[in-house]
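Contents: one structure, followed by commentary.
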Amino acid sequence: MRKPADTAVPILPVIAERWSPRAFDPEKTLTEADLKPLFEAARWAPSSSNTQPWRFVYAFRGEPFFDALVDCAVEGNQPWVRRVSVLAYAVAKLHSDSGRSLWHNRHDTGIALGYLLLQATANGLAVHPFGGFDSDKVIAAANVPEGFEPCTGIGIGFPGDPDMLPERDRLRELGGRERLAVSDFAFHGQWPAA
């Protein structure tokens, strides 16, 4: 299902096409070869001092580890997360090898995830990043070492039929896309007076 953004000015088509569906085709599966371009795109994201603090842990549907990662998602996300072909979690490194705090770690990890999302969209895949998960469960399930912090869950797969979703999610899936106006977040000069 396509839901291109109704942009105020022209933007790159891959950006206008990217959105976060919950309807994934439970019959279609991805392969490692399908994931390589996504991780390669993330690899080339900008990074402060080239620290590249992002890491991704993932599993394919049908693998035992997949179920462990699904269990890390909050209950409300689990029904649609179970249908993705690949479930991943983006994890950020907290300190450099010399012990310096990587205060930009989530920023850089977010940019890497953004590149992954755009590559996935260009490749015709559906991706839904989500924040509804238990970090401690991700750390335990994925054996994340000390010094790393889970940031985002990522469902990756092929678009599916919205009718398979519970009503609340189906309505959200079929509803329009909305965003703040640019004037609400981009301020020339000073922050506007209240």
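The values are calculated or read from the model by the stated rules, or taken from the named source; none is laboratory data. Keep in mind it's a predicted model, so treat the numbers as computed, not measured. Every residue, glycine as well, gets a Cβ built from its backbone with ideal geometry; the counts of neighbours run over all protein chains shown. Each accessible area value is taken on the protein alone, full model and side chains, heavy atoms only, with ligands, DNA and RNA left out. Shrake-Rupley method; radii C 1.70, N 1.55, O 1.52, S 1.80 Å.
From the list 109, 121, pick out the single residue that is at pLDDT 95 or above, within 21 Å of residue 12 (Cβ to Cβ), in a helix (DSSP H, G or I) and open to solvent by less than 40 Å² (accessible area, probe 1.4 Å).
121
Please find, among 138, 144, the residue that is in contact (Cβ under 8 Å) with a residue 24 or more places away in the chain, surrounded by 17 or more Cβ atoms within 10 Å (Cβ to Cβ), out of contact with any Ser or Thr (no Cβ under 7 Å at 6 or more places or on another chain) and assigned to a helix (DSSP H, G or I).
That would be 138, the only listed residue that is in contact (Cβ under 8 Å) with a residue 24 or more places away in the chain, surrounded by 17 or more Cβ atoms within 10 Å (Cβ to Cβ), out of contact with any Ser or Thr (no Cβ under 7 Å at 6 or more places or on another chain) and assigned to a helix (DSSP H, G or I).
Give the range 82-103 a look and list any residue that's closer than 16 Å to residue 50 by Cβ, part of a loop (DSSP other than H, G, I, E, B) and open to solvent by less than 10 Å² (accessible area, probe 1.4 Å), or say none.
Once the filter is applied, which keeps residues that are closer than 16 Å to residue 50 by Cβ, part of a loop (DSSP other than H, G, I, E, B) and open to solvent by less than 10 Å² (accessible area, probe 1.4 Å), the range 82-103 yields only 102.
When you check residue 111 against the structure, is it in contact (Cβ under 8 Å) with a residue 24 or more places away in the chain, over 26 Å from residue 173 (Cβ atoms) and among the β-branched types (Val, Ile, Thr), yes or no?
Yes; evaluated as a whole, the condition is true for this residue.
Do you know which residues across the range 15-32 are assigned to a helix (DSSP H, G or I) and open to solvent by less than 40 Å² (accessible area, probe 1.4 Å)?
16
What number goes with the only condition from (1) open to solvent by 50 Å² or more (accessible area, probe 1.4 Å); (2) closer than 30 Å to residue 171 by Cβ that residue 49 does not pass?
All conditions pass for residue 49, except number (2).
Just one of 35, 12 is buried (at least 17 other Cβ atoms within 10 Å of the Cβ) and either over 17 Å from the mean Cα position of the chain (by Cα) or over 30 Å from residue 183 (Cα atoms) (or both); which is it?
35
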